[in-house]
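**Q** Following this message is one structure expressed as structure tokens.
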Amino acid sequence: MLVYGNPAGIAKKDCKHLIKDAQVKSFDRLTEAQWQKVKETAQDLAAHDDKYIRSLFVIVCLKVLFLRVSELSERDDWSPVMSHFWVDKDKNTWLKIYGKGRKIRDVSVPDTFLEYLKRYRNSRGMDDFPGKNDTTPLLHKFKGRGGLTSRQLTRIVQEIFDLAVKRLMSSKNKNDHLEAKELAIASTHFLRHTGASIEIERGRNLKEVSVDLGHSSMDTTDRTYIDPDNRKRAQSGKKRPI
């Protein structure tokens, strides 16, 4: 039998056994309480020990710039360096990133981030902002040469998460204990999702967030971060009278 075209589309449309999934899906992100505790923990450690200034910088990079750990790590075909931070003619700051699919993109850097960059560079004996020819590794090792690997970066983040969990568990507030249990299973990717979803919630253009994330299409961003709308829908739905 000769068939012109793919009949799968018609089969899917008419098949009574095919059930479309319209469930509410959630993605992995930190709650506001969890993020504040993680940030507070990193800041407290950095205030008492300079080595944790690097940890704080890593945490902020992942959350505020929506980065994957791999995008900050040293790889065979890419080495993140300080001069990947750059300023355009309109005084906008950018970070050049080598992401998935071997694609290079420029991520917008908010002004609030620059204080963290300045503090981190100063802790390494550098000027406030990198020059055009600064080939210093973006994230340095305390021992050895070159930048940090994905595994090393993951350990840095996990240490802060673990300490934040302990702080939440030491609280007398039962809600903090629940937050701690959820944070205990969080991964580094939660920071990227947290930063992006907060930006969308505050009303930033979805296309702009999508480009900063490095998504191949805006549909990917829309599907991944639809959860904020569902949370609002759930909250408003709670007020329905009987």
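**Q** Does anyone have the angle between helix 174-183 and the longest principal axis of the chain? Alpha-carbon axes, 0 to 90°, nearest 10?
**A** 90
**Q** Among Lys103, Lys132, Lys91, determine the one that fluctuates most according to a GNM of the chain built with springs between C-alpha atoms less than 10 Å apart.
**A** Of Lys103, Lys132, Lys91, the Gaussian network model singles out Lys91 as fluctuating most.
**Q** Could I ask something else about it? Any chance you could run the full-extension gain for Phe129 through Arg155? It's 0.36 nm times the residue separation minus the Cα-Cα distance, nm to one decimal.
**A** 6.7 nm
**Q** For Rg and Dmax of the Cα atoms in Å, the listed values are (1) 17.9, 55; (2) 17.1, 54; (3) 21.5, 76; which was obtained by calculation from the structure presented?
**A** Checking each listed value against the structure points to (3).
**Q** Pop out the carbon and sulfur fraction of the accessible area of the chain as a percent, whole number, probe 1.4 Å.
**A** Its accessible area is 51 percent carbon and sulfur atoms.
**Q** Sticking with this one: Cα centroid distance between region 174-222 and region 125-153, in Å?
**A** 26
**Q** Hey, in the GNM for the chain with a 10 angstrom Cα cutoff, which one of Pro137, Pro80, Pro110 fluctuates hardest?
**A** Pro110
**Q** Something else about it: Which of the residue pairs Lys37/Lys100; Lys37/Lys174; Lys39/Lys132; Lys39/Lys141; Lys39/Lys174; Lys39/Lys118 have a Cα-Cα distance greater than 25 Å in the structure shown?
**A** Listed pairs above 25 Å: Lys37/Lys100; Lys39/Lys132.
**Q** Continuing with the same structure: Would you work out the charge dipole size for region 156-242 about its Cα centre, treating the Cβ of every Lys and Arg as +1 and the Cβ of every Asp and Glu as -1, and quote it to the nearest 20 debye?
**A** That gives region 156-242 a dipole magnitude of about 600 debye.
**Q** Straight-line reach from Lys238: which aspartates and glutamates have a Cα under 15 Å away, not including same-chain ones fewer than 8 places off?
**A** Correct list for Lys238: Asp229.
**Q** Can you compute the modelled spin-label distance between Ser171 and Arg240, with each label point 7 Å from Cα toward Cβ, in nm?
**A** The two pseudo-label positions are separated by 3.1 nm.
**Q** With a 1.4 Å probe and all protein chains left in place, how much accessible area per residue does region 58-167 have, in Å²?
**A** Ligands and nucleic acids excluded, the figure is 55 Å² per residue.
**Q** Moving to a separate point now. Can you give the calculated 222 nm mean residue ellipticity of the chain, where each DSSP H run of n ≥ 4 adds -39,500 (n - 2.57) and the sum is split over every residue, rounded to the nearest 500 deg cm²/dmol?
**A** Only helices count here, giving -15500 deg cm²/dmol.
**Q** Another question, then. May I ask you to give the solvent-accessible area per residue for region 171-230, in square angstrom, as obtained with a 1.4 angstrom probe?
**A** 54
The values are calculated or read from the model by the stated rules, or taken from the named source; none is laboratory data. Quick caveat, the model's predicted, so the values are computed rather than measured. Please note: Cβ atoms are built from the backbone with ideal geometry, for glycine as well, and neighbour counts cover all protein chains shown. Accessible surface is based on the protein model in full, side chains and every heavy atom, while ligands, DNA and RNA are left aside. Shrake-Rupley method; radii C 1.70, N 1.55, O 1.52, S 1.80 Å.
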